[in-house]
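Report on one structure; see the data block that follows.
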Amino acid sequence: LANTRYYRNKDGERGEETVFVTVSTWDKQAEFVGERLKKGRPVLVDGRLRSYEVDNGQGGKTKRIEIAANRITPLDW
């Protein structure tokens, strides 16, 4: 899941910030997502946030956040 925020800084220049969040889902919901949704399609995700740590490959840990989705609903353009 990607979310982009557009803004203007103090000098009036436009900027954007994109945040990527992992979404996990299972069973029929996962099948639906795989078959029907494409990159760029707006969706509504209903679920719970889950945080965890992963090994960063340099001997440390990195925190991650994901949405454990109960329901993913496509939205109209």
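The values are calculated or read from the model by the stated rules, or taken from the named source; none is laboratory data. Please read these numbers as outputs of a predicted model, since none were measured by experiment. We place every Cβ from the backbone using ideal geometry, glycine too, and count neighbours over all the protein chains shown.
Let me spell it out: the conditions are (1) surrounded by 10 or more Cβ atoms within 10 Å (Cβ to Cβ); (2) modelled with pLDDT under 90, and residue 76 meets all of them except one. Which number is the exception? So residue 76 meets the others, but not (1). Examine region 17-32 for a residue that is loosely packed, with under 10 Cβ neighbours inside 10 Å and among the small types (Gly, Ala, Ser), and state whether such a residue exists. Within region 17-32, none of the residues are loosely packed, with under 10 Cβ neighbours inside 10 Å and among the small types (Gly, Ala, Ser).
Where residues in region 51-69 are within 15 Å of residue 1 (Cα to Cα) and of a type outside the set (A, V, I, L, M), which of them is modelled with the lowest pLDDT? Please lay out each step first, then the result.
The initial filter retains those residues of region 51-69 that are within 15 Å of residue 1 (Cα to Cα), namely 64-69.
Narrowing the set further to residues that are of a type outside the set (A, V, I, L, M) leaves 64, 66.
Working: 64: 89, 66: 95.
Restricting to residues being within 15 Å of residue 1 (Cα to Cα) and of a type outside the set (A, V, I, L, M), the top hit is 64.
For region 33-50, filtering for residues that are charged (D, E, K, R), exposed (fewer than 10 other Cβ atoms within 10 Å of the Cβ), modelled with pLDDT under 95 and farther than 16 Å from residue 4 by Cβ leaves 2.
Which of the residues that make up region 33-77 are outside any strand (DSSP E or B) and in contact with a strand residue (DSSP E or B) (Cβ under 8 Å, 6 or more places away or on another chain)?
If the condition is that a residue be outside any strand (DSSP E or B) and in contact with a strand residue (DSSP E or B) (Cβ under 8 Å, 6 or more places away or on another chain), then 33, 36, 37, 41, 42, 56, 75 are the ones that fit.
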